[in-house]
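Here the structure comes first, spelled out in structure tokens, and everything after it is commentary.
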Amino acid sequence: MTGAEPHLPPARPHLKTTPDGRRLREVLTYSRRGSRFTPSQQESWDAHHEAWVIPDEAVDGDFRLDDWFGRGPAERDGLIIEIGSGIGEATAALAAARPTYDVLALEVWRPGVAHSLGLVAAAGADNVRFCSVDAVWFLEHVVAPGALNEVWTFFPDPWPKTRHHKRRLVTPPHAALVASRLVPGGTWRLATDWAEYAEQMQEVLDAEPALVGGRVERWADRPVTKFERKGLAVGRDIVDLAYVRR
């Protein structure tokens with residue numbers, strides 16, 4: 001087999017419907033890209049997905065995230081969620097440096113997950129699990145209030161066209177949701193190379209009463225990724241933000 005399965009399950013497993021059973025069109029913060037793996041991605045997927053990838057359908061029914069990490073809250077220093085892990089460059093480096101934390105990477109692009117598996121394995125970061133379920137849905141339905149020590153959101157899709165701004169991840173409802181899932185003192189770390197989105201992020205997050213923070217110096221722990229280098233190459237400024245749950 002040289003590619004991913006041809007018909008991927010929906011990234012949002014509980015689709016909203018009308019009372020008469022018709023599916024409602026939902027505004028999501030992402031769009032699925034291609035699902036075909038390169039040979040190296042397929043090799044990484046075959047080697048590691050059974051241990052480190054949570055299937056979409058597994059979150060239905062009686063789901064306990066701790067079961068997938070193999071240790072409970074008493075055996076770890078905390079839980080971190082990364083929203084949009086891409087190809088895993090930051091995921092692997094940051095998780096490897098925090099072996100006493102469980103790191104859940106939410107990424108709907110399966111080739112990116114497959115690539116990430118190889119990087120995570122090379123880094124020895126066996127404290128990472130991946131899932132391709134929509135992050136907003138996952139935070140709403142799976143993560144308990146006050147369960148997260150950190151949330152990482154690096155270079156989310158800026159949805160630059162005005163008519164698509166409603167699809168951006170950082171909106172008032174989503175900011176309130178993330179804040180509610182952080183422990184008091186927990187941090188939401190973000191980065192973007194899109195100036196207008198950075199301004200909107202800060203406006204939204206400054207207005208969320210449960211959070212305090214703003215622009216910060218570049219987080220030294222965050223590695224410079226291929227995506228970030230591309231932004232720098234075309235003259236974009238990288239903006240880092242950090243907000244703490246009151």
By residue number, the members of the stretch 219-246 that are among the basic types (Lys, Arg) and either more than 21 Å from ASP157 (Cβ to Cβ) or over 19 Å from the mean Cα position of the chain (by Cα) (or both) are ARG229, LYS230, ARG236, ARG245, ARG246
Picking from ALA179, ALA175, the residue that is in contact (Cβ under 8 Å) with a residue 60 or more places away in the chain and within 18 Å of the chain's Cα centre (by Cα) would be ALA179
Going through (1) in a helix (DSSP H, G or I); (2) of a type outside the set (Lys, Arg); (3) open to solvent by 10 Å² or more (accessible area, probe 1.4 Å); (4) touching a Lys or Arg at 6+ places or on another chain (Cβ under 9 Å) one by one, ASP157 fails only at (1)
Any chance the stretch 223-235 includes a residue that's in a loop (DSSP other than H, G, I, E, B), touching a residue at least 24 places away in the same chain (Cβ under 8 Å) and crowded, with 18+ Cβ neighbours inside 10 Å?
-> yes
Subset of the stretch 37-61, residues under 18 Å from the mean Cα position of the chain (by Cα) and within 17 Å of VAL120 (Cα to Cα), comes to HIS49, TRP52, VAL53, ILE54
Going through the stretch 170-205 in order, the residues found to be surrounded by 14 or more Cβ atoms within 10 Å (Cβ to Cβ) and farther than 18 Å from GLU150 by Cβ are THR171, ASP193, TRP194, TYR197, ALA198, GLN200, GLN202, VAL204
Of all helices (runs of 4 or more DSSP H) fully inside the stretch 53-123, the set with 1 or more residues that are open to solvent by less than 30 Å² (accessible area, probe 1.4 Å) and not hydrophobic (A, V, I, L, M, F, W, C) is 89-96, 110-123
Restricting the stretch 124-138 to residues that are in contact (Cβ under 8 Å) with a residue 40 or more places away in the chain and part of a loop (DSSP other than H, G, I, E, B), the one farthest from LYS166 (Cα to Cα) turns out to be ASP126
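The values are calculated or read from the model by the stated rules, or taken from the named source; none is laboratory data. These figures come from a predicted structure and were not determined experimentally. Cβ atoms come from the backbone with ideal geometry, glycine included; neighbour counts cover every protein chain shown. All accessible areas refer to the heavy atoms of the entire protein, side chains included, with ligands and DNA or RNA removed. Shrake-Rupley method; radii C 1.70, N 1.55, O 1.52, S 1.80 Å.
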